[in-house]
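These notes are about the structure you will find just below.
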Amino acid sequence: MSFSLEILAFPILTNRARYHTCFIEIPEEDKPIAGIEVIGKYYSFARFCPDQARAFETTSRLLDRERLSIITRSPKGYIVWRWEPEAILITNQASKSQATQGFCKVLQLKTKVPTCEIQVPDLDKPLTAIRVSGQYYALLKGVADHQAAVQLGTRMSKWGDRILVTPKRKGYSLWIHEAEAQLITTSGAT
């Protein structure tokens, strides 16, 4: 195992911009499976863990079997992903349709969305957020096109994330549910 891969033995990816969901083919599976792509490497779902300690135990067991893994956060815990060195990315629509359809909610608003700042346990910096039905949603990114915003939100929601799409002056904003958010301040509108 090379030095650079040893560093990746137990990473927890908290920034959703650092990985992308996808579908991959691996030799031992008949159908494409859900996965993530991180720096050009593909990982398949290994296990959901309700807490960080169990996620580390799972990655340790995988490492004992010489399988590298990565951990991501989900609204209800952690997901362990195992590296698939022989994975092939699936890009055609027919394979994607075999996956569970995600859901994201588009809010039709006539006024600007009031924002606030929240703090979440896995990040040091505060996040810009909105509050909807008593729940906080952190700003994920802006997208110029309505269809692109809904497609991205739907794709992300397949992993259990709740996504909202709101209109803004030029384009749309995507917001991701933060179950453990704490309100810091209330600010202006986006």
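The values are calculated or read from the model by the stated rules, or taken from the named source; none is laboratory data. From a predicted model like this one, the values you see are computed outputs, not experimental measurements. Cβ coordinates were reconstructed from backbone atoms using ideal geometry, including for glycine residues, and neighbour counts include every protein chain displayed. Accessible surface is based on the protein model in full, side chains and every heavy atom, while ligands, DNA and RNA are left aside. Shrake-Rupley method; radii C 1.70, N 1.55, O 1.52, S 1.80 Å.
Here are the numbers for this structure:
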{"item": "Yes/no for K96 being open to solvent by 60 Å² or more (accessible area, probe 1.4 Å), in contact with a Phe, Trp or Tyr (Cβ under 8 Å, 6 or more places away or on another chain), closer than 30 Å to L139 by Cα and modelled with pLDDT under 85", "result": "yes"}
{"item": "Criterion: modelled with pLDDT under 85, open to solvent by less than 80 Å² (accessible area, probe 1.4 Å) and part of a helix (DSSP H, G or I) - qualifying residue of A9, A17", "result": "A17"}
{"item": "Yes/no for K125 being in a strand (DSSP E or B) and within 18 Å of L13 (Cβ to Cβ)", "result": "no"}
{"item": "Residue match in the stretch 74-81 (condition: of a type in the set (S, T, Y), open to solvent by less than 50 Å² (accessible area, probe 1.4 Å) and either touching a Phe, Trp or Tyr at 6+ places or on another chain (Cβ under 7 Å) or at pLDDT below 85 (or both))", "result": "yes"}
{"item": "Residue, nearest to W83 (Cα to Cα), within the stretch 37-61, restricted to residues that are more than 16 Å from the chain's Cα centre (by Cα) and aliphatic (A, V, I, L, M)", "result": "A55"}
{"item": "Residue within the stretch 46-65 that is at pLDDT 85 or above, open to solvent by less than 60 Å² (accessible area, probe 1.4 Å), in contact with a helix residue (DSSP H, G or I) (Cβ under 7 Å, 6 or more places away or on another chain) and not hydrophobic (A, V, I, L, M, F, W, C) present", "result": "no"}
{"item": "Close pairs (6 angstrom Cβ cut-off, 6 or more residues apart or separate chains): among the β-branched types (V, I, T) in the stretch 39-67, open to solvent by 50 Å² or more (accessible area, probe 1.4 Å) anywhere", "result": "T58/R47; T59/F10"}
{"item": "Leading residue by the ranking (surrounded by the fewest Cβ atoms within 10 Å (Cβ to Cβ)) among those in the stretch 20-44 that are acidic (D, E) and part of a strand (DSSP E or B)", "result": "E37"}
{"item": "Output for the stretch 115-166, where each listed residue is open to solvent by less than 40 Å² (accessible area, probe 1.4 Å), of a type outside the set (A, V, I, L, M) and in contact with a Cys (Cβ under 7 Å, 6 or more places away or on another chain)", "result": "G153, T154, S157"}
{"item": "Number of the exception - K112 against (1) more than 17 Å from A17 (Cβ to Cβ); (2) in a strand (DSSP E or B)", "result": "(2)"}
